[in-house]
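Nothing in this text is a laboratory measurement; each read-out follows from the coordinates by a stated rule. Being a predicted model, the structure only gives us computed values, none of them experimental. Positions of Cβ are backbone-derived with ideal geometry, glycine not excepted, and every protein chain shown enters the neighbour counts.
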Amino acid sequence: MSDLRDLYQEVIFDHNRHPHNFGPMPHANRQADGFNPLCGDRLTLRLLVENGVIQEARFEGAGCAISTASASLMTDALKGKTEAEANQLFTGFHQMVMGEPPAIDLGKLAVLAGVQEFPARVKCATLAWHTLTAALKNETTAVSTE
Ligand code: ZN
């Protein structure tokens with residue numbers, strides 16, 4: 001069990017040091033900012049949604065290891081998902097970090113299950129997901145680079 005926990009921490013550490021999908025996305029058509037005042041985590045999430053499917057997801061910002069790893073894992077998981085599937089993932093992820101059995105298979109997102117033992121860090125882990133909900137609700141005009 002402790003080996004498994006070490007492995008999970010290593011994955012979180014890796015995602016924090018080398019976050020996936022980190023950087024700007026000029027052609028995004030959804031965007032939202034998230035802030036977790038308890039920890040000071042800030043992130044901007046950008047999505048490219050076409051025909052109800054999330055084609056790309058990228059984020060920028062600065063936060064603790066948990067918030068950065070969570071955003072990195074989330075943006076990986078979102079690619080190719082419909083908005084409904086993304087909402088189901090959020091529901092399952094939220095159940096997991098609250099210590100409930102998730103209703104769906106969370107895949108790699110399960111590495112953050114250990115957060116349930118640290119209630120103060122739950123908001124770090126869910127920040128990216130709350131930002132996702134805001135981004136999916138608020139369609140923004142695509143930023144033009146012209
Ligand atoms: Zn944090």
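Under the membrane-span-like helix rule (DSSP H runs whose alpha carbons stretch at least 18 Å along the helix axis, mean Kyte-Doolittle hydropathy -0.5 or higher), the chain yields 65-78, 83-97, 122-137.
Residues of segment 41-80 falling in the label zone of ALA120, defined by backbone nitrogen less than 15 Å from a point 7 Å along Cα to beta-carbon, are 41, 64-67. The sum of -39500 (n - 2.57) across all DSSP H runs of n ≥ 4, divided by the residue count of the chain, sets its helix-only mean residue ellipticity at 222 nm to -13500 deg cm²/dmol.
From the largest down, the chain spans 52, 29, 24 angstrom on the principal axes of its Cα atoms. Within segment 59-88, which residues have the backbone N less than 16 Å from the label spot 7 Å out from ASN51 along Cα→beta-carbon, could you tell me? From segment 59-88, the list is 80-84. When +1 charges are put on Lys and Arg Cβ atoms and -1 charges on Asp and Glu Cβ atoms, the dipole computed for segment 2-141 relative to its Cα centre reaches about 300 debye. Note on HIS94 and ASN138: the extension gain reaches 13.7 nm, defined as 0.36 nm multiplied by sequence separation minus the Cα-Cα distance. Cross-link reach is defined here as a Cα-Cα straight distance under 24 Å, omitting same-chain residues fewer than 8 places apart; for LYS137 the lysines meeting it are LYS79, LYS81, LYS123. Of the residues ILE104, PHE35, LEU47, the one whose Cα sits farthest towards the positive end of the charge dipole of the chain is PHE35 (charges of +1 on Lys and Arg Cβ, -1 on Asp and Glu Cβ, taken about the Cα centre). A Cβ-based charge dipole, computed about the Cα centre of segment 52-106 with Lys and Arg at +1 and Asp and Glu at -1, lands at about 80 debye.
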